[in-house]
Amino acid sequence: QVQLVESGGGSVQTGGSLRLSCAASGSTWVYYMGWFRQAPGKEREGVATISSGGSTIYTDSVKGRFTISRDNAKNTLYLQMNSLTAEDTAMYYCAASVIYSLRPADFRYWGQGTQVTVSS
């Protein structure tokens, strides 16, 4: 069992930046790690995924604005979010999977989420 805890969410103005962190209870090098988000009235969507070696997948809407990274020694996952817009407002979740995927259903372990609110 892997415990994941997100932090770094908050309120920011349009065009601003936030850096989310996800701390794992133990080693995560055996897992692909991902960030997902769910806005009110919308389905959960994959934002970005990263392998232990640094390979990444991004959803088109965040490409060029968001950067996923991980520090395997610290068992921590990050999501740097720049040029934020109202469309980025959502609850953001960290998750772990044995599958290299951006599909929420492929991820087994999930954090509790951290809220990101972008206002104009």
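The values are calculated or read from the model by the stated rules, or taken from the named source; none is laboratory data. Remember, it's a predicted structure, so these values are computed and weren't measured experimentally. In this analysis, Cβ positions are derived from the backbone assuming ideal geometry, glycine residues included, and neighbour counts consider all displayed protein chains. These accessible areas exclude ligands, DNA and RNA; they are computed on the full protein's heavy atoms, side chains included. Shrake-Rupley method; radii C 1.70, N 1.55, O 1.52, S 1.80 Å.
Here are the numbers:
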{"read-out": "Listing of strands (runs of 3 or more DSSP E) fully contained in segment 1-96 that carry 3 or more residues being of a type outside the set (Ser, Thr, Tyr)", "value": "4-7, 10-13, 18-24, 32-38, 45-50, 66-71, 76-81"}
{"read-out": "Segment 87-102 residues that are farther than 29 Å from Thr14 by Cα, paired with ones that are aliphatic (A, V, I, L, M) (beta carbon under 6 Å, 6 or more apart)", "value": "Ala96/Val2; Ala96/Met33"}
{"read-out": "Identity of the residue in segment 22-38, out of contact with any helix residue (DSSP H, G or I) (no Cβ under 8 Å at 6 or more places or on another chain) and of a type in the set (A, V, I, L, M, F, W, C), that ends up nearest to Asn72 (Cα to Cα)", "value": "Trp29"}
{"read-out": "Near pairs, Cβ below 8 angstrom, 6+ apart or cross-chain, from segment 17-33 (closer than 20 Å to Thr114 by Cα and basic (Lys, Arg)) to any residue that is in a loop (DSSP other than H, G, I, E, B) and open to solvent by less than 70 Å² (accessible area, probe 1.4 Å)", "value": "Arg19/Gly8"}
{"read-out": "Meets criteria (within 20 Å of Gln1 (Cβ to Cβ), hydrophobic (A, V, I, L, M, F, W, C) and within 11 Å of the chain's Cα centre (by Cα)) for Ala48", "value": "no"}
